[in-house]
């Protein structure tokens, strides 16, 4: 995505990414975590505010820090970094709420031409089937994979 993004850091395995959101509510630590699922080569993308008590992600909190586009662009940039390390991985993404899933769908829709240069993008539809992402369709989840060199 050609939007401004935050600098982030990752640990050695490129499964956990951290960055700081800067906005009207101050400086808020965010995390993106890629977790293996029970399906081979499929990783869940988890994202949210860092929660010190659990040393994990709170994906239900609404920060409203005024930088949502920059935050989404940063999350998207971790997808590129992750798939550089794991080129055969499929990334499963869904929001923790319907509103967040809609936000992800809007982000994909608004950047689909650019995303499709490098990634296969699927949506999980109401018929409980994966299909190539179609603008205007309502999806419950998204699946992305880096296109292999042709």
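Before moving on, here are some points about what is shown:
- Nearest 10 degrees, 0 to 90: helix 68-85 Cα axis against the chain principal axis: 60 degrees
- Relative to the longest principal axis of the Cα atoms of the chain, the long axis of helix 98-110 lies at roughly 70 degrees.
- With 5 Å bins beginning at zero, the pair-distance distribution over Cα atoms of the range 88-150 amounts to 4, 19, 30, 27, 14, 5, 1, 0 %.
- C-alpha center-to-center spacing [the range 50-98, the range 1-26] in angstrom: 9 Å
- Distance (nanometres) between label positions extended 7 Å along Cα→Cβ at residue 50 and residue 129: 4.4 nm
- Zone residues, the range 74-94, relative to residue 114, backbone N less than 16 Å from point 7 Å out along Cα-to-Cβ: 74-81
- Computed on the Cα atoms alone, the convex hull of the range 1-140 gives a volume of 121 cubic angstrom per residue.
- Counting neighbouring beta carbons within 10 Å and listing from fewest to most, the residues 104, 124, 80 come out as 80, 124, 104.
Read the figures in this text as sums done on the coordinates, not as results from a lab. These figures come from a predicted structure and were not determined experimentally. Virtual Cβ from ideal backbone geometry, glycine too; neighbours counted across all protein chains shown.
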